[in-house]
Amino acid sequence: MYSEKVMDHFQNPRNVGEIENASGVGTVGNAKCGDIMRIYLDIDDNGVIQDCKFKTFGCGAAVATSSMATELVKGKTVQEALLVTNKAVMEALDGLPPVKVHCSLLAEEGIHAALWDYAEKNGISIIPMLNTPGHMDALFSAMSELNVGSSRTTSKMRLTDDAQVNFVKALQQKYIDYFAKQGSKYYNLAADEYSFSALSDSEYTAFATYVNAIAKMVKGAGMTPMCYNDGINYSGKTTSVAFDTDILVCYWAQKENYASVAELSEAGFTIV
Ligand code: FES
């Protein structure tokens, strides 16, 4: 049932213990099984993880995945450690039985929670971003595999396809809830480069409706929504549905058809 590597890391776990005055500490738990994991990180001035220890009260797979996760992040930079996913932990352990996949998720979350604590202690704020309804190639390949909605040929969501929209909203909600729980104050819903010149008035209205809906979800979680400037009041369009002016506008690009900083300010937006 378990690979030799899983058994080895369960019976001889690496890096068990605590780090005094750790740079970051993360504690996570799984409400269903009741298992708890705490990860300690010692990060030097160059952002390199010099040491990593853990304490886990849980099943054998939770111990093995914590052990492997600590091994994987040691010696890595903070940025590299952020890319250590539960999939990487499982692969390094030569796999886990399906019912134990959630144990590896706990390891990933524990590392992320410790990195988050490190960021906060160093005055770094994290602004999460999930870019929709354009730039969605990665999400679309997942949707194709899951058979969600109609087929598509571009990286843009069809805002008239309820199945796609509902799937993406549910996904956004998961990220919104996760980052709100982590203490994020802002959430970037991005919404950039949605081929505005090709959008009819009704399509542009659907876009504004969608942006406002995601912003509402962000506000409902207690965070401030922000997005990029290029889609907001594009080419003077305000549509029958106006964009909510409490969405912070992150001004990243200036082009002929993009509303200027002055125009957006005049319309009531705050620019960052
Ligand atoms: Fe819950 Fe393993 S059974 S973490």
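Throughout, read-outs are computed from the coordinates displayed, never taken from laboratory work. Here the structure is a predicted model, which means the values were calculated and not measured. Cβ sites come from the backbone with ideal geometry, for glycine too, and all protein chains shown count toward neighbours.
Place a +1 charge on the Cβ of each Lys and Arg in the chain and a -1 charge on the Cβ of each Asp and Glu, then give the dipole magnitude about the Cα centre in debye, rounded to the nearest 20.
Details: 22 positive and 32 negative charges, 117 e Å.
That gives the chain a dipole magnitude of about 560 debye.
Projecting the Cα atoms of Leu171, Phe196, Ile126 onto the charge dipole of the stretch 124-198 (Cβ charges, centred on the Cα centre) puts Ile126 farthest toward the positive pole. Distances between placed amide hydrogens fall under 5 Å for Tyr187 paired with Thr224, Met226, all partners being 5 or more residues away or on another chain.
Using the Karplus relation 6.51 cos²θ - 1.76 cosθ + 1.60 with θ = phi - 60°, the per-residue 3J(HN,Hα) values for the stretch 175-186 come to 5, 4, 4, 4, 6, 5, 5, 6, x, 5, 9, 10 Hz, with x marking Gly and Pro.
Kindly provide the trypsin sites (Lys or Arg not before Pro) of the stretch 1-101 that DSSP labels as loop, not H, G, I, E or B, and whose Cβ sees at most 11 other Cβ atoms within 10 Å. Could the numbers behind the result be given before it?
Details: sites: Lys5, Arg14, Lys32, Arg38, Lys53, Lys55, Lys74, Lys76, Lys87, Lys100; in loops: Arg14, Lys32, Lys74, Lys76.
Loop-located and lightly packed - Lys32.
Of the peptides 197-204, 211-218, the ranking by mean beta-carbon count within 10 Å, highest at the top, reads 211-218, 197-204. Report the Cα centroid-to-centroid distance between the stretch 87-104 and the stretch 35-61 in angstrom, as an integer. Here the two parts' Cα centres lie 18 Å apart.
Taking 23 Å as the straight-line reach from the Cα of Lys5, the lysines in range (excluding those fewer than 8 positions away in the same chain) are Lys53, Lys55, Lys74, Lys76, Lys87, Lys100.
Structure remark: mean-square fluctuation, Gaussian network model of the chain, C-alpha springs under 10 Å; the largest value among Ala259, Ala190, Ala138 belongs to Ala138. Under 5 Å from the amide H of Ser23 lie the amide H atoms of Leu41, Asp42, Ile43, each residue being 5 or more positions distant or on a separate chain, with H modelled from the backbone and absent for Pro and chain starts. Each of Glu20 and Val148 was given a label point 7 Å from its Cα along the Cα-to-Cβ line. The distance between the two points is 4.9 nm.
Given the DSSP H assignment, sum -39500 (n - 2.57) over each helix run of at least 4 residues in the chain and divide by its residue total; what's the result at 222 nm in deg cm²/dmol, nearest 500? If you can, show how the numbers build up before the last one.
Working: 9 runs with 112 residues, N = 272.
Per the formula, -13000 deg cm²/dmol.
Between Ala88 and Gln173, what length in nm is gained on full extension when 0.36 nm per residue of separation is reduced by their alpha carbon distance?
On the way: separation 85, 0.36 × 85 = 30.60 nm, distance 2.50 nm.
Full-extension gain reported as 28.1 nm.
The shape of the stretch 34-134 comes out oblate: with a ≥ b ≥ c from the C-alpha gyration tensor, a/c is at least 1.5 while a/b does not beat b/c. For the stretch 208-247 versus the stretch 112-180, the inter-centroid distance based on Cα atoms is 16 Å.
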